[in-house]
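Taking it in order: structure first as structure tokens, then the write-up.
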Amino acid sequence: MNFLEERIMKDGVVKPGNVLKVDSFLNHQMDIELLDEIGKEFHRRFKGADITKVLTIEASGIAIAYPVAKEFGVPLVFAKKSKSINIDGDMYVADVESFTHKNKNQVIVSKKFLNSDDRILIVDDFLANGCALQGLISIAESAGAKIEGLGIAIEKGFQIGGRVIRNLNYRLESLAIVDGMNAETGEITFRKQD
Ligand code: G4P
């Protein structure tokens, strides 16, 4: 078991509806040492790629992406969720639907901050249905940037997102892949990874 899987076992809480609460260390209260370790691990995995920018989506993606960008020594760009219909031509825009929150947001990134010379590492905390990642992929592609890979802290392997992204032939690395959870017993099963 790796460091994140161990932490999920220790402090993660399984809630009904296949929801994994990690708010004591990852996306509400944040364990800074754990985040630093996540940054180092993604750097170790992707350092062969000449990353120029880390791209994520607000809100909790930013906390994961920060230590990653720091390890690579590159800027972090985060897509903003916008309800505004008056988005001007200076923005890359993608639609992101949330199955969890049952709403739809437009996410935007200023054209100033991504371009065709960029080699991007996309980072997020959770991968469930993959809508957020697909929005970020669409934005990177609109900019003509090269997507070198995608780094996820926790993938819910029983939802479709991971399969969809891997089928698109992107390099997707998830530090922990949860293949099953039981809200009654609190049991969490991880996919074995190399
Ligand atoms: P998707 O982007 O993979 O399609 O995910 P989905 O719409 O299903 O999830 C919507 C939000 O719920 C996302 O956060 C996602 O990170 C989060 N989420 C999904 N499953 C879980 C879970 O089991 N546990 C926790 N803690 N979060 C989960 P968001 O609302 O877009 O982000 P943020 O503003 O909170 O950062």
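The values are calculated or read from the model by the stated rules, or taken from the named source; none is laboratory data. Because the structure is a prediction, the values reported are computed rather than measured. Cβ atoms come from the backbone with ideal geometry, glycine included; neighbour counts cover every protein chain shown. All accessible areas refer to the heavy atoms of the entire protein, side chains included, with ligands and DNA or RNA removed. Shrake-Rupley method; radii C 1.70, N 1.55, O 1.52, S 1.80 Å.
Candidate cross-link partners of residue 192 among the lysines, defined by an alpha-carbon separation under 24 Å and a same-chain spacing of 8 or more, comprise 10, 15, 21, 40, 47, 156. By the rule of a C-alpha distance below 22 Å, with chain neighbours fewer than 8 residues away ignored, the lysines paired with residue 112 are 53, 70, 80, 81, 83, 146. A cut-off under 14 angstrom between Cβ atoms defines the neighbours of residue 130, and their net charge, with Lys, Arg +1 and Asp, Glu -1, is -2. Longest stretch of the chain clear of exposed loop sites (trypsin sites (Lys or Arg not before Pro), DSSP loop, at most 13 other Cβ atoms within 10 Å, sites excluded): 103-191.
Here the Gaussian network model covers the chain, with springs between Cα atoms less than 10 Å apart; of 161, 89, 151, 89 fluctuates the most.
Using a Debye calculation, one point per C-alpha and no hydration shell, please list log10 I(q)/I(0) for the stretch 64-172 at q = 0.10, 0.19 Å⁻¹ in order. Taken in order of the listed q values, log10 I(q)/I(0) reads -0.28, -1.04. The aspartates and glutamates whose alpha-carbon is closer than 14 Å to the alpha-carbon of residue 111, local same-chain residues fewer than 8 away aside, are 88, 90, 141.
Carbon-plus-sulfur accessible fraction, the stretch 24-122 (probe radius 1.4 Å, protein heavy atoms only): 49%. To one decimal place, what Kirkwood hydrodynamic radius in Å is obtained for the chain from all pairs of distinct Cα atoms? After inverting the mean inverse Cα-Cα distance, the result is 16.9 Å. Just checking the listed ones, 13, 77, 93: in the Gaussian network model of the chain with Cα springs under 10 Å, the one fluctuating most is 13.
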